[in-house]
Amino acid sequence: MEENQNTPKIDIDREWLQKIQDFYADISGLFLFAIDKNGRQITDISGRDMRETARIADLINKNQVEDLFRRVMFTKLEEQIVENTEFSNMKLAAVAVKVGTEAVICFIVAAVYFEEDGENAILNIRSTVDEKLFFGGLDYIREVFDKIYSGAFREMNAIAMSEREHAEESQLQTALSLAESMNGIVQYLDSDDSYENICESIVKKAAEATHISHAYVLQPNKAANAIDVLGKYRSESADPVIERVNPADILKYAAVVGDKPMVVSSRTEIDYDFRLWIGTLGIIGFVVLPIFRARPSRVVSNYLIFADNDPAKVWTREDIKFFGEAAKVLQSIFDRHLHKLSIVASYNSLTFVLNNVGSAIYVKDINTGNILFKNKSFESMFAREIENGSLDRLFGPANPDEMRMASYFEVQSTDSKHWYDVNRTPMDWVDGRKVILFSIFDITDKKVYQEKIEQQANNDYLTGLYNRMSCEKDLNIHITQCRKEGKKGCLLYLDLDDFKHINDGLGHQYGDVLLKTISNKLNKIEGIKDACYRMGGDEFIAIISSEYYDNKDEILETVRVMFNTPWFLKGGDYYCTSSIGVVDFPDEDDTVQEIIRKADIAMYESKRAGKNRTSHYASETKNAASHRLDMEKSMRDATADTIKEFEVYYQPIIDTAKGNICTGAEALLRWNSASLGFVTPGDFIPLAEYLGLINPIGNHVLKQACLECKRWNESGHPYYKVNVNLSVVQLLQNDIVETVARTIKETGINPRNLTLEVTESLAINDLERMKKILNAIKALGCRIALDDFGTGYSSLNHIRELPIDVIKVDQTFVTDLATDPYAQSFIRMVGELAAALKVKICVEGIETEEQKAVLDDMNVRLIQGFYFDRPMRKTAFEDKYVTNCIDAMDHPDMD
């Protein structure tokens with residue numbers, strides 16, 4: 001792994017780390033060991049009990065450890081991972097300790113949960129924990145060691161580093177150098193080397209760091225009238241001093257120094273004889289710091305002396321602080337040396353560690369209730385409670401029996417409003433007393449986050465509306481209230497019409513924008529405000545409470561008007577309507593699931609009836625729903641069985657300018673179900689689109705129509721054309737152009753004899769995408785017809801942009817054509833538009849002589865309708881218009 005240039009190099013003291021790890025394992029009940037960033041295990045596994053620890057070490061899967069190590073150390077996605085093991089009650093975790101952005105140590109932590117028996121459990125283990133303690137422990141480890149390593153320079157050299165923001169660049173460099181040296185000196189706190197060797201090393205490091213000529217650790221020996229040199233340093237250019245000093249003189253002037261530190265420079269006024277004596281030694285300035293044998297009696301045992309022979313030497317504040325810190329370190333080492341790692345040394349080390357962990361910690365004597373220890377975090381976080389004596393009220397009773405049991409709980413401070421995780425653990429203190437150790441974590445942010453999560457559990461993440469779970473809960477409340485009060489409520493089930501086209505055409509980001517816009521507007525409608533729910537996808541529910549039930553019709557009308565208004569998306573207006581199912585409660589039903597189901601059934605009736613409408617649930621709706629289920633099953637069976645139940649009918653298209661001759665036909669899909677009989681297109685085509693089955697069915701129609709047209713062309717009618725409708729779903733497929741091209745190639749049809757019809761509403765609603773698709777299809781040689789013209793929202797400019805060959809006027813304009821001036825004017829206008837665009841016009845739905853007579857005076861050439869013929873099976877069409885008809889053979893100009 002590459003070194004991060006912004007991350008300081010961290011030297012890991014394994015022995016020190018092992019001791020900290022052993023201590024934490026003992027108080028937490030966890031088993032853990034450390035691995036450095038190169039994958040080497042640098043500590044032995046720690047645990048409370050030696051035999052249990054060895055047992056757990058044997059049970060840990062090394063492959064699992066290696067996998068966890070790689071995941072937390074070499075990726076930036078995970079800093080802490082917890083996994084199950086092959087044992088039902090053992091968890092294994094990896095925690096990465098980072099300096100900056102670089103992981104430097106990985107702790108592998110095993111936890112055994114208590115389990116009395118189990119087929120694959122680890123039994124007879126006393127060191128067990130619960131889940132909260134385990135996860136709290138993991139957070140504790142990461143936070144503690146992140147602080148220890150990330151803040152190594154700051155924490156271990158607080159005095160030297162505290163001045164760096166206010167110092168000049170040269171002072172900063174000096175401070176950093178002193179901090180690095182002090183870091184090296186501090187390392188001797190855990191050294192097992194002899195005291196003399198440590199003294200020798202410390203004075204050398206300190207003298208070199210401060211660039212002075214001499215440094216010593218001297219121990220006066222009054223009984224022998226001698227001086228013991230425990231450590232000495234002399235720079236290469238300096239003259240010897242201690243070697244030519246009379247011990248009696250040192251003892252004499254040691255009495256002058258006494259037990260107080262002394263700082264002397266060339267300008268310091270001191271005893272004349274004293275100044276004269278040190279002058280003869282070539283020393284100009286010095287600093288003497290006493291090291292005491294046993295505090296607080298303050299009996300001086302050693303003197304730590306720093307001296308320099310530079311006449312201009314003036315001790316700086318940084319020098320004095322550095323020497324003072326070195327003296328403190330040496331004092332700690334001397335204490336440990338005298339007491340052989342006794343209680344004082346243990347307590348100092350423990351204090352150092354606990355003052356730098358990420359939690360507040362205090363220790364209480366179980367028997368007396370006295371507080372024996374408080375770390376800095378605790379004193380800072382609970383200063384008020386310490387002052388007013390309310391700690392017991394906050395963290396637990398002083399009853400010794402209750403305090404002897406480990407526990408884990410959460411508390412909230414009524415004063416600060418903060419939440420805390422409290423881990424209360426009985427243990428033996430450094431002096432053998434029975435104590436209780438409180439580890440306290442501030443979890444206020446976690447609690448706030450949990451509240452946010454709970455809110456998200458009840459709300460839809462995208463729209464902010466309530467979700468399905470909230471809907472079911474609230475609906476149950478409304479039903480209960482209506483039943484109790486003898487009132488009525490209403491549920492609206494909304495499903496967006498053709499929302500998939502918005503998603504596929506504009507992109508999902510604009511689909512999300514539409515969903516949020518619709519949600520915002522729905523939630524502002526009086527009567528359903530704050531009672532709207534997103535059920536998922538493009539489905540919504542609104543509940544009209546009993547309070548607003550009498551305004552149901554007004555609310556429905558407001559919703560209808562809202563959906564009949566275009567939505568502004570991606571710089572343009574797009575239409576997306578809604579099919580709505582309505583059900584009253586508790587009349588229709590009084591259970592949540594049934595009411596929602598019935599509203600869904602009613603909504604589908606709106607879809608089946610042509611979309612963009614509202615349907616109320618009734619018993620007939622139930623029958624229709626049952627019929628729909630039967631039809632869905634039959635349709636799936638039919639499409640799975642080579643689509644043989646679906647048949648292509650053909651309705652002739654007549655050219656009136658050439659004596660009412662046939663120019664070809666429109667291919668129309670019919671379904672003759674084996675179980676349901678003949679099903680009308682208005683019933684099964686919306687269902688096929690809804691179920692996603694329209695693609696295989698539509699491709700089947702396209703192929704059959706092309707095969708038939710080729711046969712007509714080869715049977716003496718080379719200019720016969722076939723029109724095939726492409727559904728909205730087909731056109732939005734990414735491979736529609738490839739599908740058409742493949743069909744042309746497989747069937748061998750002349751592409752000029754294939755006309756593909758697209759609806760006006762789809763073409764205009766996603767103009768840019770349709771232009772691209774239709775131009776690609778047109779490039780294959782096919783013709784394009786704009787179907788159902790007059791029913792959409794197109795403008796003349798949009799029509800000009802489309803590569804169309806034929807405009808087909810929707811039959812809704814033909815019903816009253818013989819008597820309606822508007823219908824006549826509309827068709828005349830479309831005819832003129834077609835002439836201007838140099839495209840043909842075809843009028844559908846002509847059924848009477850009167851309707852045809854009106855068209856004779858207009859610029860309309862192509863007619864389609866029952867007046868000439870109904871859609872017919874291919875055999876009937878061929879008998880009438882292919883085998884026995886030669887009218888179209890000599891009219892190539894009909895292109």
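The values are calculated or read from the model by the stated rules, or taken from the named source; none is laboratory data. No experiment lies behind these values; they were computed from the predicted model shown. All Cβ positions, even for glycine, are placed from backbone atoms using ideal geometry, and neighbour counts span all protein chains on display. These accessible areas exclude ligands, DNA and RNA; they are computed on the full protein's heavy atoms, side chains included. Shrake-Rupley method; radii C 1.70, N 1.55, O 1.52, S 1.80 Å.
Return one number: the angle in degrees, 0 to 90 and rounded to the nearest 10, between the long axis of the Cα atoms of helix 14-28 and the longest principal axis of the Cα atoms of the chain.
Approximately 70 degrees, to the nearest ten.
Using only Cα atoms, locate the centre of region 268-340 and the centre of region 655-698, then give the distance between them in Å, rounded to an integer.
Each part reduced to its Cα centre gives a spacing of 106 Å.
Report the one residue of 104, 65, 804 whose Cα lies farthest in the direction of the positive end of the charge dipole of the chain (charges on C-beta: Lys and Arg +1, Asp and Glu -1; origin at the Cα centre).
Of the candidates, 104 comes out farthest on the positive side.
Based solely on C-alpha atoms, express the radius of gyration and the Dmax of region 481-555 in angstrom.
14.8, 49
In 10 Å bins starting at zero, report the fraction of Cα pairs in region 421-465 per bin as a rounded %.
For region 421-465, the pair-distance distribution reads 23, 25, 19, 16, 11, 6, 0.
Note down the magnitude of the dipole of the chain about its Cα centre, charges +1 on Lys and Arg C-beta and -1 on Asp and Glu C-beta and zero elsewhere, to the nearest 20 debye. Walk me through the intermediate numbers first.
Values: 103 positive and 139 negative charges, 307 e Å.
In debye, rounded to 20, the chain gives about 1480.
Over the C-alpha atoms of region 577-732, what are the Rg and the largest Cα-to-Cα span, Dmax, in Å?
19.9, 68
For a test of the definition: using alpha carbon positions, the gyration tensor, and the 1.5 limit on a/c, classify region 1-112 as rounded, prolate or oblate.
oblate
Carbon and sulfur together cover what percent of the accessible area of the chain at a 1.4 Å probe radius? The partial results should precede the final answer.
Working: 21090 of 43390 Å².
Exposed carbon and sulfur together represent 49 percent of the surface.
So what does log10 I(q)/I(0) come out to for the chain at q = 0.04, 0.06, 0.11 Å⁻¹, using the Debye formula with one equal point on every Cα and no solvent?
-0.42, -0.71, -1.26
Is the shape of region 225-265 rounded, prolate or oblate, going by the alpha carbon gyration tensor and its root eigenvalues a ≥ b ≥ c, with a/c under 1.5 for rounded and a/b larger than b/c for prolate?
On the way: a/c = 2.04, a/b = 1.34, b/c = 1.53.
Verdict is oblate for region 225-265.
Going by the alpha-carbon gyration tensor, a ≥ b ≥ c the square roots of its eigenvalues, is region 196-295 rounded (a/c under 1.5) or, if a/c is not under 1.5, prolate (a/b greater than b/c) versus oblate? Numbers along the way, then the final one.
Working: a/c = 1.33, a/b = 1.02, b/c = 1.30.
Verdict is rounded for region 196-295.
Longer than 24 Å from Cα to Cα, which of 644/778; 232/252; 607/852 are they? Say none if no pair is.
On the way: 644/778 30 Å; 232/252 20 Å; 607/852 34 Å.
Exceeds cut-off: 644/778; 607/852.
Holding the Cα-Cα limit at 23 Å, pick out from 260/328; 37/132; 447/516; 772/838 the pairs that are longer than that.
Numbers: 260/328 14 Å; 37/132 28 Å; 447/516 29 Å; 772/838 21 Å.
Too far apart for the 23 Å limit: 37/132; 447/516.
Could you work out Rg/(2.2 N^0.38 Å) for region 655-775, with Rg from alpha carbons only? Before the final figure, lay out each step's value.
Working: Rg = 15.6 Å, N = 121, 2.2 N^0.38 = 13.6 Å.
Dividing the Cα Rg of region 655-775 by 2.2 N^0.38 Å gives 1.15.
Using a cut-off of 10 Å between beta-carbons, work out the net charge of the residues near residue 754 (Lys and Arg +1, Asp and Glu -1, residue 754 not included).
Working: positive: 710, 721, 752, 783; negative: none.
Summing Lys/Arg as +1 and Asp/Glu as -1 gives +4.
Counting every Cα pair in region 463-519, what percent are over 13 Å apart? Walk me through the intermediate numbers first.
On the way: 1131 of 1596 pairs.
When all Cα pairs of region 463-519 are counted, 71 percent exceed 13 Å.
Roughly how many Å² of residue 487 are accessible to a 1.4 Å probe, to the nearest 10?
Accessible surface of residue 487 is approximately 100 Å².
With Kirkwood's inverse mean 1/r over C-alpha pairs for Rh, give me the Rg to Rh ratio of region 634-724, two decimals please. Let's see the in-between values first.
Values: Rg = 15.1 Å, Rh = 14.3 Å.
Dividing the radius of gyration by the Kirkwood radius yields 1.06.
Please name whichever of 694, 669, 731 sits farthest to the positive end of the charge dipole of region 668-739, dipole taken about the Cα centre and charges placed at Cβ: Lys and Arg +1, Asp and Glu -1.
After comparing all options, I get 669.
Return one whole number: the accessible area per residue of the chain in Å², for a 1.4 Å probe. Mind showing how you got there, number by number?
Values: 43390 Å² over 895 residues.
Accessible area per residue: 48 Å².
Post the alpha-carbon centroid distance, region 435-508 to region 811-859, in whole angstrom.
54
Give, as a single signed number, the net charge of other residues whose beta carbon lies under 11 Å from the beta carbon of residue 394, with Lys and Arg counted +1 and Asp and Glu -1.
Values: positive: 384, 393; negative: 385, 392, 415.
With Lys, Arg at +1 and Asp, Glu at -1, the neighbours total -1.
Among 265, 292, 322, whose Cα lies farthest out toward the positive end of the dipole of region 256-338, if unit charges sit on the beta carbon of Lys, Arg (+1) and Asp, Glu (-1)?
292
Determine, for each peptide in 460-469, 707-716, 198-207, the mean count of other beta carbons within 10 angstrom over its residues, then list the peptides with the highest first. Walk me through the numbers before you get to the answer.
Details: 460-469: 16.4, 707-716: 18.2, 198-207: 22.5.
Highest mean packing first, the order is 198-207, 707-716, 460-469.
For the ranges 578-587, 502-511, what's the packing order if you count other beta-carbon atoms within 10 Å of each residue, average per peptide, and put the highest first?
Values: 578-587: 22.6, 502-511: 17.3.
Packing order, densest peptide first, comes out as 578-587, 502-511.
Mind giving me the FRET efficiency for residue 449 and residue 76? R0 is 30 Å, r the Cβ-Cβ distance, nearest 0.05 is fine.
Working: r = 22 Å, r/R0 = 0.72.
That gives a FRET efficiency of 0.90.
For region 664-796, what is the charge dipole size about the Cα centre, in debye to the nearest 20, if Lys and Arg each add +1 at the Cβ and Asp and Glu each add -1 at the Cβ?
500
Which whole-number percent gives the relative contact order of the chain, counting Cα pairs below 8 Å spaced six or more residues apart? Could you put the intermediate results ahead of the total?
Details: 1438 pairs, mean separation 47.5, N = 895.
Relative contact order for the chain comes out at 5 percent.
Tilt of helix 317-339 relative to the longest C-alpha principal axis of the chain, in degrees (0 to 90, nearest 10)?
80
How big is the Cα convex hull of region 362-509 in projection, averaged over all directions, in nm²? Display every interim value, and only then the final one.
On the way: hull surface 67.5 nm².
Result: a mean projected hull area of 16.9 nm².
Counting Lys +1, Arg +1, Asp -1, Glu -1, what net charge surrounds residue 228 among other residues with beta carbon under 12 Å of its beta carbon?
Working: positive: 222, 232; negative: 196.
Around residue 228, the surrounding residues sum to +1.
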